[in-house]
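Note sheet for the following structure.
The values are calculated or read from the model by the stated rules, or taken from the named source; none is laboratory data. No experiment lies behind these values; they were computed from the predicted model shown. Here Cβ is always computed from backbone atoms with ideal geometry, including for glycine, and neighbour counts include all displayed protein chains. In case anyone asks, the SASA skips ligands and DNA or RNA and just uses the protein heavy atoms, side chains included. Shrake-Rupley method; radii C 1.70, N 1.55, O 1.52, S 1.80 Å.
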Amino acid sequence: MLFKDILVGYKGKFSDTDIKGITCDSRQVKEGYVFVCISGTDTDGHKFAESALNSGASVIVAQRDTGLNNQVIVDDTHKVYAKMCANWFSNPADSLKLIGVTGTNGKTTVTYMLKTILESAGYKVGLIGTIQNMIGDRVIASHNTTPNAYELNSLFELMRADGCTYVIMEVSSHALDQKRVCDLKFETAIFTNLTQDHLDYHKTMDNYLLTKKKLFSMCKTAVMNSDDEYFEKMSQGLDCKIITYSLSDNSTYSAKGITYRPASVDYELVSDSSINHIKVNTGGKFTVYNSMCSAITALELGISACTVIKAIASISGVKGRAEVVECDRDFTVIIDYAHTPDGLKNILSTFRDCKKNRLIVLFGCGGDRDKTKRPKMGNIAAHYADYVIVTSDNPRSEEPKSIIDDILEGIKDVNIPFKVIENRVEAIKYAISIARKDDIIVLAGKGHETYQILKDKTIHLDEREIVTEAIDSLEKGKFE
């Protein structure tokens, strides 16, 4: 492909240069590639421009002068890279109907629910998200909630080639801020909620909100949770059609007659023109919200109510989201991705309402991330659980003890039994060893993840395997 066809509208000395590939990672540069210098949070691609040139790059696209002869300077390399990647793959997203889901919590569950509904309606569906990417039943590994522009467009091209009609994707605040989804057009954009997260990156909640809000300038229809405290700010000034959902009457759709059970909820989904009974095989108020916005989005896309109801009732759950671990014991083990104050409060309040004995929570907080949420999560755990085990999550470059000390600031003034076990594997084994009849153990923070990121390496850590091993040891009498 000629450079002028990748950077549409460009006229210059590289116009007719035949390009063999495009990347923003200097380690991937080969002969005839374009290297785009991206300034990130941890490194600046401009520093690697000369290395890319030495590796065979034909053109360097930069945002400032690199001192190299083969450079093209543009105003915004993030934006230009996204456009170049789309052009490289012949703009595959233009042939797909995109549904974007943003918010702090619930994104993954909503995307899976919507995928099930749309497939039940006979459509082939692509999914892009935190746990994995999918084309129909085909699974493709996921490295970021929203991939970088090149990977994203390569996925779109695979989905287009495989006959997908819809693509449902989680759209992270990082992706919006870094223009990875630049110029995409969404049929529907969904706002689930906004609570504290990623302030290490965005610094303030206002910045976080304004970044999320960018998605709704890119869609025809917005489906928004009007119960959320940030709804007014999120919806203010939007030009798209807005459909709201809530547990009250002041919305387009509302949930009435909600019945909560330990492993399910059901309710009437009510609008001015219809009443539909929804049953979901997962407990908790958050399940009502997730299923509401999934059902409403599908209904607004023209999917029949009968199809929506049957599809939602068929969903057994999403990996790492209020996931019950099969352990054949007289206590229950739940794995959940809750890694924010609101997420932890949601999962604990759900199971607190249905517990018959103790609610035990095990959690930590990620290193190199927002430190201010750590004592808040500690305080929530102390107020909603009967016993707290504080351990490591993904400590990354931070010392685990330092992270734990931050968490303990929120626990120390609450009269609650707790224990600190830094090693997460040992902490899980301890939780299993102290479990009594009818206890509920919530392992929070890792969810679908099967690894742990330490200072110097990433190790395998699948909590399902650890629970199984711990129960085997328990049955063999190794635990007291």
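Quick notes
- Gyration tensor verdict on segment 311-434 (Cα atoms; rounded if a/c is under 1.5, prolate if a/b is larger than b/c, oblate otherwise): prolate
- Per-residue ³J(HN,Hα) for segment 327-337, Karplus 6.51 cos²θ - 1.76 cosθ + 1.60, θ = phi - 60°, Hz, x for Gly and Pro: 9, 6, 10, 8, 10, 10, 10, 10, 10, 9, 7
- Per residue value of the accessible surface for the chain (all protein chains in place, 1.4 Å probe), Å²: 43 Å²
- Relative contact order for segment 305-385, counting Cα pairs under 8 Å that sit 6 or more residues apart, in percent: 25 percent
- Candidate values (1) 23.9, 76; (2) 27.3, 89; (3) 21.0, 68, label of the one derived for Rg and Dmax of the Cα atoms in Å: (1)
- Around F3: net Lys/Arg minus Asp/Glu count, Cβ-Cβ under 9 Å: -2
- Net length gained if the chain between K4 and T450 were fully extended (0.36 nm per residue, minus Cα distance): 156.2 nm
- Reach of K124 by Cα under 22 Å, taken over lysines that are not fewer than 8 positions away in the same chain: K97, K107, K115, K185, K220, K310, K319
- Förster-model FRET efficiency, 41 Å R0, D462 and K233, C-beta, rounded to 0.05: 0.55
- Contact order normalised by residue count of segment 200-243, Cα under 8 Å, 6+ apart, percent: 41 percent
- Beta bridges by DSSP in the chain, antiparallel share as percent, to the nearest 5: 35 percent
- 12 Å beta-carbon shell around G343, net charge (K/R +1, D/E -1): +2
- Shown for segment 95-150 is the translational diffusion coefficient from the Stokes-Einstein equation, using the Kirkwood radius over Cα pairs, a temperature of 37 °C and a viscosity of 0.692 mPa s: 275 µm²/s.
- Using 0.36 nm per residue and subtracting the Cα-Cα separation, the extra length available between L209 and D18 on full extension is 64.6 nm.
- Mean separation of Cα contacts under 8 Å, 6 or more apart, over the residue count of the chain: relative contact order %: 10 percent
- Carbon/sulfur fraction of accessible area - the chain, other protein chains in place, 1.4 Å, %: 45 percent
- Cleavage-rule hits, trypsin sites (Lys or Arg not before Pro), segment 24-96, DSSP coil, Cβ neighbours within 10 Å at most 16: K30, R64
- H174, H383, reordered so the largest accessible area comes first (probe 1.4 Å): H383, H174
- Cα gyration tensor shape of segment 384-480, rounded if a/c is under 1.5, else prolate or oblate by comparing a/b with b/c: oblate
- Here the calculated FRET efficiency for K185 and K476, from their Cβ-Cβ distance with R0 = 60 Å, stands at 0.55, rounded to the nearest 0.05.
- Bridgeable lysines around K47 (alpha carbons under 29 Å apart, same-chain partners fewer than 8 residues away excluded): K4, K11, K13, K20, K30, K79, K83, K179, K203, K455, K457.
- Residue-averaged 222 nm ellipticity for the chain, from DSSP H runs of 4+ at -39500 (n - 2.57), nearest 500: -9500 deg cm²/dmol
- Loop-located trypsin sites (Lys or Arg not before Pro) in segment 201-273 whose Cβ has at most 14 other Cβ within 10 Å (DSSP): K203
- Under Karplus coefficients 6.51, -1.76 and 1.60, residue-wise ³J(HN,Hα) of segment 167-179 in Hz, glycine/proline x: 10, 9, 9, 6, 10, 7, 5, 5, 5, 5, 5, 8, 6
- Within-14-Å neighbourhood charge of M113 [Cβ basis; K, R +1; D, E -1]: +4
- Extension gain from E119 to D25, taking 0.36 nm per residue of separation minus the Cα-Cα distance: 30.2 nm
- Alpha carbon centroid spacing (whole Å) that separates segment 46-92 from segment 367-426: 43 Å
- Its residue count N fixes a reference of 2.2 N^0.38 Å for segment 1-112, and the Cα radius of gyration divided by that reference is 1.21.
- With a cut-off of 16 Å on the backbone N, the residues of segment 346-390 near the modelled label site 7 Å out from S402 along Cα-Cβ are 365-375.
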